[in-house]
Every structure is written in C-alpha cells, then in structure tokens.
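Data block below; observations after.
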Amino acid sequence: MRPIGSLFNPSSVAVIGASQRPGSWGNQLARGALRGRHRREVVLVNPRGGQLDGHQFTTALGGEVELAVVAVPPDGFESAVDAALSAHARAIVGVTTGLAAEAVTRVADACRAAGAVLLGPNCMGVADADAELSLLWGELPGGDVTLLSQSGNLSLELGAIARRAGLGFRRFASLGDCADLGPADLLEHVGRAPVVALYLEQLGDARALLRAAAALVDEGRHVVLLAAGRSTVGAAAAASHTGALASDHAILRSAARDAGVQLVRTPTELIEATRLRRAGSIARPAPRSPQLFKSWSHEPRPVLGVVADGGGHGVIAADLAADLGLGVAPPVDLAGAGERDLRSYARAVAALAAEIDIVLLSGYFGGYCVDEPALAEQEASVADELAAIGNVVVHSMAGSTATTQRLVAAGVPVWSAVEHAVAAVAHLAATRRPVPPAGTGDEAVPGGEPYWWGRFLLPKVGFPPALEVINRQAALAAAELLGYPVACKRLGAAHKSDDGGVVLGIGDPLELFATVPAAPTGVSYAIETMVGAPGVEMIVGTRRDPSFGPVVLVGLGGIRAELLADAAVALAPVDHTAALAMIDSLRGAPLLRGHRGSPPLAVDALADAIVAVSELLIRCPGLDSLELNPVLVTEQAAIALDCAAEAAPAAPATESGRATATESGRATATGTGRATGTGRAAATGTGRAGVGLDPWEAPR
C-alpha cells in the first residue's frame with residue numbers, strides 16, 4: 001500500500017523553500033508547519049538560513065523526514081525533491097508551479113521508484129485538523145468534512161462560503177496537476193469525514209474514482225462532486241451519433257448516479273449540498289404508490305408530493321421534479337390556510353406522506369417566527385410535528401431562521417432554493433448499480449471499412465443480408481440474389497441519409513438502375529434486403545472514453561438521433577436488468593411499451609442487443625467504437641439496419657485495410673456471392689433477437 005497517510009499525519013515535516021518574507025508561499029507554509037511543532041518535528045529549509053518565530057532555518061535537509069513540502073522556483077524543484085527522497089521522505093507536496101511537463105514526469109517517476117507519493121505539483125497544500133497539520137495558503141474553517149479540490153484559489157472560495165454557512169473541514173488536499181496521486185487515490189484516505197466534497201477539473205481514471213466514491217457511499221457516507229467543463233466537453237465535432245450523444249458529462253451524470261454521488265453545478269451548491277448532507281439526510285424512498293406510476297413505465301419510480309402555500313411554489317417544484325425524472329403527484333396548495341391555522345402545514349404533509357414516497361414542503365414556512373414573533377412558539381411546535389413524520393424535506397423562502405434551524409437539528413433537510421431541494425431528492429431517489437470494473441480481453445478483430453467491420457462484429461444482432469458493390473451491373477446482380485425490395489446505401493459517410501446516400505424500398509431493376517452509377521466512381525454501395533415490419537428506430541452504440549473506459553448508449557435513433565437527443569448512457573458492461581433500466585429512462589420509452597393502443601414491441605430483444613454491444617470493447621481492445629443506427633424494434637425482434645465500427649488508435653491495420661470476404665460477409669463486385677453470417681436475426685420463442693457473436697461462441 002502506498003504511504004498516502006503520511007500526507008495527513010506525519011511524524012515530521014520539512015518545508016523546503018521556507019521564507020522569512022511575509023506574504024510569500026514559503027512564509028505561509030512555514031507558519032502553518034510551526035503551528036503543529038508540539039506534535040511533530042518541523043524542519044524549515046532555506047539555503048540562505050534565517051529564522052521564523054524563534055525557529056532556526058537549516059540550509060540543507062539532513063536526517064530523515066516523513067513529509068516534505070516543496071515551494072521553490074521551478075529550476076530548483078527536481079533537486080529539492082531529490083533531497084527529500086534522499087532523506088527518506090514518504091510523501092511530497094509540490095507547491096511549485098510553472099514546471100516543464102518533462103520535469104514533472106521525471107519527479108513523479110522518481111517518487112514512485114522510491115516508494116513515496118507526490119501530491120501536485122502546482123497544488124495549494126494539505127491540512128488535517130485531527131493531526132493539527134496546516135500546510136497551505138491561509139486557513140480553512142475547521143469542521144468534520146473532507147474537501148478535495150483541484151483548484152487552489154477555488155479552495156479558498158469554498159472555504160469562505162463554508163465559513164458563512166457554518167461548515168468546516170477536517171481534512172483537505174489540493175490535487176494540483178495530479179502527476180502521481182489522483183482523486184481516486186485520495187478518496188481512499190478521507191479520514192472519518194461523514195461527507196466528502198470534491199471539485200475536479202480532470203477526472204483521471206474516472207471509473208476508479210467512482211468505485212472509490214461508491215465504497216464510501218456504501219459505508220453510509222456522502223460524496224458531493226462539482227466537475228468543471230460541462231460547456232466545453234465534447235465540443236469537437238463527433239464523427240458519429242454515439243460520440244455526439246454520449247458526451248463526457250452525460251457519462252458522468254449516469255455513472256455518478258450509479259455510484260450514489262451527488263453532482264452539483266456551482267461552488268455555492270457544493271457547499272450547500274455538503275452542509276445538508278452533514279446536517280441530516282433522508283433515506284432513499286422506497287416506492288409505495290404503484291397507482292401513480294402508470295404513466296411512467298412498468299418499473300415504479302419514486303414519487304414526490306409537494307405541499308405549498310402558494311400555487312407558484314407548487315408548480316415550479318413539480319416542474320423541476322418532472323425534469324429530473326421523478327414521479328410527481330398533483331401539488332397541494334394550502335392557499336393561505338397556514339395563516340389561519342399553522343397546524344394545517346403538518347396535517348397536509350402528514351396526509352400526503354402516508355401515500356407518497358417523499359414530501360416537499362415549499363414556500364413561506366419557517367418565516368413566521370421572523371415576521372410574526374407571536375407565532376414563533378407555534379411554528380416551532382409544527383416543525384417538531386414535521387420532523388416526526390419522517391419522509392419530509394423543506395424549501396423555505398425565509399432562509400435561516402430559528403424554525404428552519406430547529407428542523408435541521410431534528411434531521412430534516414432545509415433548502416433556501418427550491419431547485420436545490422428537488423435536485424437532492426432526485427439524487428436520493430436514483431437507483432444505484434455497481435460500478436463495473438474496466439476489464440479487458442484479448443480477442444483480435446479485423447480492420448477495414450467501418451460498415452463492413454461492424455457486420456463482422458455483430459452478425460447475429462440483426463443485420464439483413466447485404467452485398468457490397470461498386471457499379472450498376474454488380475448492384476443488379478446483388479438485388480437479383482437477395483430479392484426485391486432492397487435498400488441501397490452509399491458507404492463511407494457518417495450521415496448518409498442527410499445527402500441522399502440511402503435509398504429504401506427499391507422495388508424493381510429500373511429503380512435500382514437509376515440509383516447506382518454504371519461505372520465505378522471510387523465509392524462502394526451496400527445492397528440489402530428491406531425489412532418491411534413496422535417498428536421504432538433506436539440507436540445502440542459503444543465507445544471507449546479516455547476517462548471512463550468503455551461506455552454503452554441507447555436512445556431514439558434514425559436520422560433524428562441527435563435532434564431528439566433522447567439517450568441513456570452507462571458504464572460498460574451492463575446486464576439485462578440494467579439495459580432495461582436504460583431503455584425505461586428514455587422519454588420515448590412509451591413508444592416501445594405500447595403507446596395509445598399500439599402493441600408492445602420486443603423490448604427484451606433490444607435489451608439483449610445492448611448487453612451484447614456493451615461487452616464488445618471489454619473483449620476487443622482493438623475496437624474503439626461501434627454504432628448500430630438504426631436498430632428497428634418490431635413486435636418480434638430488434639433488427640440492426642446500419643452500423644459502423646472504428647479501430648482503437650493503436651490497433652494495427654490489416655495489410656489491405658479491409659476485412660476479408662469470409663470475415664465480413666462481403667461479396668465480390670460481380671455480386672455472385674451471398675453474405676455469410678449476416679442474415680437477419682430470427683426471433684426466438686420469447687420474441688428476442690439472437691445476439692450471440694459468432695467469433696466468440698465459447699461459453700462466458
């Protein structure tokens with residue numbers, strides 16, 4: 001195990017670059033170190049000597065030290081770290097900024113080789129209240145929360161916001177450039193904190209991060225994350241629908257929900273959510289109102305009830321809840337009843353709480369003690385009644401008052417902003433699933449044109465027979481073999497339908513004659529059997545994300561996939577239950593389940609396809625992405641009508657750059673052969689499409 005604990009409770013500390021000059025980093029760090037000198041040995045290093053508060057500087061580091069903080073100019077950083085490692089330092093905090101990337105790599109490698117850990121560089125330091133350790137710029141308010149932040153200055157802002165909110169920190173680490181230790185490493189060393197607040201600009205190994213966070217949540221602790229970059233992530237044009245729909249932040253939202261991590265958007269939200277998690281939390285509501293779920297899906301979702309003392313508060317809360325995927329009961333508007341009888345709040349909430357999973361009381365309650373002191377005692381009594389109900393949260397426009405503080409003390413979460421209240425309920429209501437490990441296999445796959453490579457990878461997910469041709473004569477021969485009607489697709493374009501590259505329902509040779517040019521033009525075409533059954537077009541895809549590893553996506557597909565932007569994404573692989581949950585989370589899920597009298601479609605077959613696709617990147621390191629769009633879901637099967645696969649950047653290309661005819665089912669230009677292994681998937685007795693993968697038929 002790496003000595004990360006030495007960052008927070010060392011037996012000795014050295015500040016390399018200590019300074020007598022007020023306002024300098026070396027001075028701030030030295031003063032912080034000296035505050036704990038009754039607990040540990042403190043060594044202040046400056047080649048020019050000096051003293052601070054009666055403590056003499058040493059010109060060079062001699063003897064052993066457990067933790068070294070390095071705050072020297074960039075050109076002296078490597079030698080300072082070498083000196084610390086020679087003194088058998090187990091942990092090094094790099095405050096120095098402006099280092100060349102090569103120097104950072106050398107230092108990180110040297111620390112790992114010596115069995116030490118490196119925090120930073122370009123970080124603001126560490127602190128631990130229990131160990132009386134304060135090695136940072138300024139001071140953070142004391143408390144019992146752990147704060148991990150990738151930004152030093154933002155840490156100071158978070159400290160200021162926390163101080164105003166009455167919140168403080170037991171442990172703090174500034175991550176900086178994460179040359180060695182990343183957020184996942186630090187999450188395994190958060191001390192006894194009931195809540196961990198994180199600000200991150202780079203997730204690093206995101207899957208490891210979320211697994212570490214999930215372990216904390218499993219212990220009954222809370223993790224709140226502010227991840228920067230929502231507006232710029234994925235700004236580069238994506239070559240496929242999957243890339244456009246499965247943005248990094250969409251993946252993070254899904255994975256954080258699975259791990260039980262609450263995402264927030266601003267520093268104030270981070271502190272507010274952390275404060276409320278620390279003050280008291282409600283258990284995840286167990287659905288108990290099945291009659292209210294019929295309009296949502298076959299899978300019950302937690303329902304939020306709203307009691308408001310004004311119509312506006314109730315409507316806004318209900319809209320926010322619906323936006324976040326909660327079931328919503330019609331809001332109860334007290335319409336001024338509270339002014340006539342304060343106990344009407346408790347009666348209304350109690351009545352709704354008996355039928356609804358969780359109740360939000362939104363509006364003026366909490367403000368009577370301020371605006372009408374004669375009602376303070378009665379309002380306090382009603383607050384006690386609300387706390388006794390159990391499944392209640394409160395939004396009070398009055399902010400912090402004696403009544404709201406009484407509620408918080410009794411374990412009832414109180415928010416001053418309704419959007420924060422509803423977001424917290426949605427987070428608590430989210431269904432978790434284990435964060436899967438990022439396993440890997442070693443199956444080799446051929447390279448080649450994305451369309452035909454996709455056919456090789458998924459011969460049984462539902463491709464109709466298809467033949468590749470390069471001219472009119474070959475196209476006519478292929479159609480004769482397959483039988484009319486056929487579809488003709490021009491290969492090589494990401495959005496073929498947008499520019500006339502897909503022609504469907506070609507019923508005879510004359511129509512096909514007009515579609516394909518007589519002479520080769522350097523472009524090839526796929527001639528496919530038409531699928532005539534009605535259904536809903538979906539998209540199923542997978543790609544290798546640099547932070548999260550393999551992810552899988554399902555959504556409404558076809559040419560409107562990006563326009564509709566109705567997609568669900570998850571870390572791969574997923575099982576059948578998780579695939580069904582992804583499907584049911586879509587706004588368009590009712591189209592598959594039987595909408596307004598239409599027959600239900602083969603949702604299980606679609607789920608099987610999602611499961612199969614989710615396993616591909618795990619098993620095939622040479623594959624970077626695969627997209628099936630559209631996947632036509634009919635009453636009997638899920639049939640993939642188009643596909644594209646891309647190789648991972650490091651995957652070697654085949655000599656010809658194309659898959660062989662037997663691997664991909666590609667026919668010769670003369671159109672005399674039928675594609676092998678790519679026939680339309682037959683529905684089984686349960687209505688599921690076969691999704692076994694020919695190249696990997698060995699038992700799993």
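Since every read-out is calculated from the coordinates, none of them should be taken as a lab result. Model, not experiment: these values are computed from the prediction. Reconstructed Cβ throughout: ideal geometry from the backbone, glycine too, with neighbour counts over all protein chains shown.
Find out how many positive minus negative residues lie around Ala398, taking Lys and Arg as positive, Asp and Glu as negative, among other residues whose Cβ is under 13 Å from that of Ala398.
Working: positive: Arg406; negative: Asp309, Asp371, Glu372, Glu379.
Cβ neighbours under 13 Å give a net charge of -3.
Would you grab the residues whose amide H sits under 5 Å from the one on Leu263? Only those 5+ places off in sequence or on another chain, please, with H modelled 1.01 Å from N.
Leu225
All other residues with a Cβ under 14 Å from the Cβ of Leu510 taken together, and with Lys, Arg as +1 and Asp, Glu as -1, what is their net charge? Each step should come with its number before you reach the end.
Numbers: positive: Arg472; negative: Glu480, Asp508, Glu511.
Within the 14 Å Cβ shell, the charges total -2.
Please give me the summed charge of the neighbours of Thr268: other residues whose Cβ is under 11 Å from its Cβ, Lys and Arg +1, Asp and Glu -1.
0
Using the Karplus curve 6.51 cos²θ - 1.76 cosθ + 1.60 with θ = phi - 60°, what ³J(HN,Hα) values do you get for each residue of the range 363-371, in whole Hz, with x for Gly and Pro?
x, 8, 4, x, x, 4, 5, 8, 7
Please give the length that would be gained between Arg164 and Ser598 if that part of the chain were fully extended, namely 0.36 nm times their separation in residues minus their C-alpha to C-alpha distance (nm, one decimal).
My answer for the length gained is 150.6 nm.
Suppose every Lys and Arg Cβ carries +1 and every Asp and Glu Cβ carries -1, with no other charges. What dipole size does the range 302-429 come out with about its Cα centre, to the nearest 20 debye?
Once rounded to the nearest 20, the dipole reads 180 debye.
What shape does the range 1-124 have by the C-alpha gyration tensor, where a ≥ b ≥ c are the square roots of the eigenvalues, rounded means a/c under 1.5, and otherwise prolate means a/b greater than b/c and oblate the rest?
Oblate shape, in that a/c is at least 1.5 and b/c is the bigger or equal ratio.
How much FRET efficiency would the formula 1/(1 + (r/R0)^6) give for Asp508 and Asp319, where r is the Cβ-Cβ distance and R0 is 45 Å, rounded to 0.05? Present the calculation step by step, with values, prior to reporting the outcome.
On the way: r = 53 Å, r/R0 = 1.19.
With R0 = 45 Å, the Cβ-Cβ based efficiency is 0.25.
Name the long-range amide H neighbours of Val43: under 5 Å, sequence gap of 5 or more, or other chain; modelled H, no Pro or chain starts.
HN-HN under 5 Å from Val43: Val13, Ala14, Val15.
For the charge dipole of the range 174-216, defined by +1 on Lys and Arg C-beta atoms and -1 on Asp and Glu C-beta atoms about the Cα centroid, which residue among Gly176, His189, Ala215 has the Cα displaced farthest towards the positive pole?
The one lying farthest along the dipole's positive direction is Ala215.
By its C-alpha gyration tensor, with a ≥ b ≥ c as the square roots of the eigenvalues, how is the range 74-151 shaped: rounded for a/c under 1.5, else prolate for a/b larger than b/c, else oblate? Walk me through the numbers before you get to the answer.
Values: a/c = 2.33, a/b = 1.68, b/c = 1.39.
Prolate is the answer for the range 74-151, as a/c is 1.5 or above and a/b outweighs b/c.
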